[in-house]
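Enquirer: Input: one structure, supplied below.
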Amino acid sequence: MSAPHRTERYGLVIRKAIDAVLNGSVTGRFSIHQLVKTEKTYIGTAVERFFVEEYRLPDTEFLDTAIKGIPVDIKFTIGNNWMIPPEAIDHICVLIQANDDESTYSLGLLRIRDTLLCKGNRDTKCSLRAAAKRQITWCISDGALPPNFLLHLDDERRSAILTPKTGQKRVRELFRSVRGVPIPRLALATVASQFDPRARARDAGKALASEKIRVFSYRKNKELARLGLPELPRGYWIAYREDEMVGSD
């Protein structure tokens, strides 16, 4: 696997884990900052499980998994430190840090030693000393984390989209306010408050026709190509006003 592909794949796994905890289609949440402390902690568990499942790694008795037969623990943070359990001492930790606001993540390796840890908390987990962080071998530094679509909208536009009381009205405002930009299924599901938002997208397209706004899914790529517009990745939607479409009649 090439380095760029590996970096992209890691980023996708982290994105999926964060989004799974946000659970936007049920909760309407789009930002880690909307989570309570215990939920933020659970992101680490989700990241670990998603990595194990993505790469078909084995479960082990004491640590999270093993890579090529070497036991490792996978630790994640949205801050600048990691909580290390006592069983990880003398073993390698995969240390992952993500910043959803900046759409970046980093991944490094560190063999944990007693001398690298601060005093433990009630759970007997310990954070890394400042000097320990300088010993991390960074495999990826500031890699690209797939952007969080709703998080990166400007506040005024996002508020206009999320304020309507019904999912259908919110979806309509999404396509009205955000044109010419591919919208991922997860963002649409969060706005629609519906795991499968395709019906809401179709209904929004019909309602917006009177405003001369057209809504396309990736299933309409042939029509987009005919109009001289870029094709969409699978699972994306896009809206254009008719005067914004090249090649439209």
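Enquirer: Anything over 23 Å Cα to Cα? Flag those among K75/K119; K16/K212; K75/K133, in the order listed. Can you show the working numbers first?
Expert: Values: K75/K119 18 Å; K16/K212 35 Å; K75/K133 14 Å.
From the list (K75/K119; K16/K212; K75/K133), the Cα-Cα distance tops 23 Å for K16/K212.
Enquirer: Read through the labelled values (1) 7, 26, 27, 17, 12, 9, 3, 0; (2) 8, 31, 35, 19, 6, 0; (3) 7, 27, 28, 19, 13, 6, 1, 0 and report the label of the one computed as P(r) over Cα pairs in 10 Å bins from 0, in percent from the structure.
Expert: (3)
Enquirer: How much FRET efficiency would the formula 1/(1 + (r/R0)^6) give for R226 and I70, where r is the Cβ-Cβ distance and R0 is 51 Å, rounded to 0.05?
Expert: Values: r = 53 Å, r/R0 = 1.05.
Between R226 and I70 the formula returns 0.45.
Enquirer: Whole-Hz ³J(HN,Hα) for each residue in region 201-207, computed from phi via Karplus 6.51 cos²θ - 1.76 cosθ + 1.60 with θ = phi - 60°, x for glycine and proline: what do you get?
Expert: Along region 201-207, the couplings run 5, 5, 5, 5, x, 5, 5 Hz.
Enquirer: Could you work out the Kirkwood radius for region 106-182, taking every pair of different alpha carbons, averaging 1/r and inverting it, reported in Å?
Expert: For region 106-182, the Kirkwood estimate is 16.8 Å.
Enquirer: Pull up all non-local amide H partners of S127: gap of 5 or more, or a different chain, and H-to-H distance under 5 Å with H placed in the peptide plane.
Expert: Those lying under 5 Å, H to H, from S127 are I84, C118.
Enquirer: To make sure I understand the rule: partners must be aspartates and glutamates, Cα under 16 Å from the Cα of K165, and not fewer than 8 residues away in the same chain. Which ones qualify?
Expert: Result set, ordered by chain and number: E173.
Enquirer: On to the next question. Output wanted: per-residue J couplings in Hz (rounded whole) for region 183-195, from phi through Karplus 6.51 cos²θ - 1.76 cosθ + 1.60, θ = phi - 60°, x for Gly and Pro.
Expert: Result, ordered by residue: 10, x, 4, 4, 5, 5, 5, 5, 5, 7, 6, 8, 4 Hz.
Enquirer: Ignoring everything except DSSP H segments at least 4 long, calculate the 222 nm mean residue ellipticity for the chain; use -39,500 (n - 2.57) per segment, divide by total residues, nearest 500.
Expert: Details: 9 runs with 90 residues, N = 249.
Rounded to the nearest 500, the figure is -10500 deg cm²/dmol.
Enquirer: Of all the accessible heavy-atom surface of region 135-206, with the other protein chains kept in place and a 1.4 Å probe, what percent is carbon and sulfur?
Expert: Working: 1880 of 3780 Å².
The C+S portion of the solvent-accessible surface of region 135-206 is 50 percent.
Enquirer: If you don't mind, another one. Would you please give the residues with an amide H less than 5 Å from that of V94, counting only those at least 5 places away or on a separate chain, with H modeled from the backbone geometry?
Expert: Those qualifying (amide H under 5 Å, at least 5 residues apart or on another chain) are D73, I74, K75.
Enquirer: Tell me, what is the per residue accessible area of region 90-226 in Å², probe radius 1.4 Å?
Expert: On the way: 7580 Å² over 137 residues.
Spelled out: the 1.4 Å probe surface of region 90-226, per residue, equals 55 Å².
Enquirer: Put +1 on the Cβ of each Lys and Arg and -1 on the Cβ of each Asp and Glu in the chain; which of G24, Q34, C126 then has its Cα farthest toward the positive end of the dipole?
Expert: G24
Enquirer: What is the Cα convex hull volume of region 24-133 when expressed per residue in Å³? Write out the running numbers ahead of the final one.
Expert: Numbers: hull volume 14.0 nm³, N = 110.
Measuring per residue, one finds 128 Å³ for the Cα hull of region 24-133.
Enquirer: While we're looking at this one, here's another question. Report the relative contact order of region 15-97, percent, no decimals, based on alpha-carbon pairs under 8 angstrom and at least 6 residues apart. Each step should come with its number before you reach the end.
Expert: Details: 92 pairs, mean separation 16.8, N = 83.
Once normalised by length, the contact order is 20 percent.
Enquirer: Given a 10 angstrom Cα cut-off, can you work out which residue in S217, S159, S127 is the most mobile in a GNM of the chain?
Expert: Ranking S217, S159, S127 by mean-square fluctuation puts S159 first.
The values are calculated or read from the model by the stated rules, or taken from the named source; none is laboratory data. Treat the numbers as computed from the prediction; the structure is a model and nothing was measured. Reconstructed Cβ throughout: ideal geometry from the backbone, glycine too, with neighbour counts over all protein chains shown. The area values use the complete protein model at the heavy-atom level, side chains included, leaving out ligands, DNA and RNA. Shrake-Rupley method; radii C 1.70, N 1.55, O 1.52, S 1.80 Å.
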